[in-house]
Protein chains: 2
Amino acid sequence: MAQKALLKSSYHHGDLETALVKAAISLVRKYGADHLSLRAVSAEVGVSPSAAYHYFQDKDSLVSAVGEFLFDQLGEKQELAISKVRSTGAKGARERFEAMGDAYFKWALSEPNLYRLIFGGFCELPDSHNDSKAWQLLEKGLDDLVQAGLITSANRVGGEVLVWSAVHGASSLVIEGLMPKESFPIVIKGVQRSLGMK
Amino acid sequence: MAQKALLKSSYHHGDLETALVKAAISLVRKYGADHLSLRAVSAEVGVSPSAAYHYFQDKDSLVSAVGEFLFDQLGEKQELAISKVRSTGAKGARERFEAMGDAYFKWALSEPNLYRLIFGGFCELPDSHNDSKAWQLLEKGLDDLVQAGLITSANRVGGEVLVWSAVHGASSLVIEGLMPKESFPIVIKGVQRSLGMK
DNA sequence: TCAAATATCTATACAGTGTTCAGATTATGC
DNA sequence: GCATAATCTGAACACTGTATAGATATTTGA
């Protein structure tokens, strides 16, 4: 009776809430956030459409839960990429900074439908997004650049908004076919120039 | 019989195609591109739902037509803003450049639902977007900066992608509530630094 | 001028959608 | 073990995109 998560009775699902979120992700990935059907999500999990309403107020609420999940996942991808950098000192700070941007861009390009869900107005992200892993990594990355002597603390001011704007903007425009993906390194170079880097 | 556009018979509409596009814009403006209903668009025009299928293959096709229309409109807003600058010489070049960005940002903030339709994957913009007014204005603006001696032609390289990425990214992030709108001037300053401007 | 041909729109129908609500089923606490 | 609570189902409602057949208006050609 303690292992309710393992026992899968036909009626009670165990953890329907996260199962719905994961199924929704799988469908959005394939068909896009518009074209997502709550009924299809329920069917994927093997549950009746009404069941979802025990965990989510409506369809938009499920989509928002998906958005939060994915926003965290994006931060984790960046963290993973950063952790793989083996260099130390100034070289390490630069490589970690670039790895962060590359991971962001790479994720956006490989999962355009998920990326659009997060940043296309489909979900309401929490107001406390400044506590998110992605944002904190960005702050830390900039701090590291200052500490390594690669940028001045004067140029660091407002660095978060500039970097995020450029990287997000480039990712979005490439996804929508308005910019070739080869432009991304140019954008990164431009950001570094604007930070007075090196 | 020559003035069919003026005569509004009950059966034939005159210019249903553009009427549908305009009605769709009006509805997207209010309720967002998701939540747009072809039936509601038809009802707004006072026509049966099937009538739309004489001008558009399907709903997505109508949305794409809306996207093209709005993309042009955005360019026209920028052109208007530029034309209002009265200064000449280097001062004029700088003010026109900034007016272009401000107009873009202002439009995005005042019409978030329309902005999302264009850049959120709802419509397929034509491959020839490099012929668009918005893009050509951007190129011309950068050329003017070079000609006015405000940036070097070396720094001009890749300027389009950098500027557009930053301005679009900032607009998008502000719209989605991920960045305060006060950050926009900071982004502009950063872009100018990356161009080595002034 | 007047029928034939064409363009334009309507009516109806179908499968699928989000959502609600009463009730069936399973788990939990005493 | 039984009442209670948590969880899920089934049926229903109004709505959606879309296909098809037919009605209506306009244009064409003689």
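Points to keep in mind about this one:
- Ascending distances from the B:Y31 label point to its copies in the other chains, with the point 7 Å along the Cα-to-beta-carbon line: 2.0 nm.
- Added length on full extension, which subtracts the Cα-Cα distance from 0.36 nm per residue, B:D58 to B:L16: 13.6 nm
- Kyte-Doolittle mean at least 0.0, axial Cα span of 27 Å or more - DSSP H helices of chain B: B:59-83
- Once the partner protein chains are put back, the stretch A:107-148 shows a loss of at least 20 square angstrom of accessible area, versus the chain by itself, at A:R116, A:F119, A:G120, A:G121, A:F122, A:L125, A:H129 (probe 1.4 Å, ligands and nucleic acids excluded).
- Taken across both chains, chains A and B shield about 2800 Å² of accessible surface from a 1.4 Å probe.
- Legend: mean number of C-beta atoms from other chains within 10 angstrom of residue C-beta atoms, peptide B:92-104, equals 0.
- Among the protein heavy atoms of the protein assembly as shown, carbon and sulfur supply 52% of the accessible surface, probe 1.4 Å, non-protein parts ignored.
- Peptide B:69-81 - average C-beta neighbours from other chains (10 Å radius): 0
- When its C-alpha radius of gyration is set against 2.2 N^0.38 Å (N residues), the stretch A:116-165 gives a value of 1.37.
- The residues of chain A have, on average, 52 Å² of accessible surface per residue, using a 1.4 Å probe with all protein chains present.
- 23 Å Cα-Cα threshold exceeded, pairs from A:K106/B:K181; A:K189/B:K106; A:K189/B:K198; B:K140/B:K181: A:K106/B:K181; A:K189/B:K106; B:K140/B:K181
The values are calculated or read from the model by the stated rules, or taken from the named source; none is laboratory data. Because the structure is predicted, anything quoted here is derived from the model rather than measured. Quick reminder, even Gly has a Cβ in these numbers, built from the backbone with ideal geometry, and neighbours come from all protein chains shown. Each accessible area value is taken on the protein alone, full model and side chains, heavy atoms only, with ligands, DNA and RNA left out. Shrake-Rupley method; radii C 1.70, N 1.55, O 1.52, S 1.80 Å.
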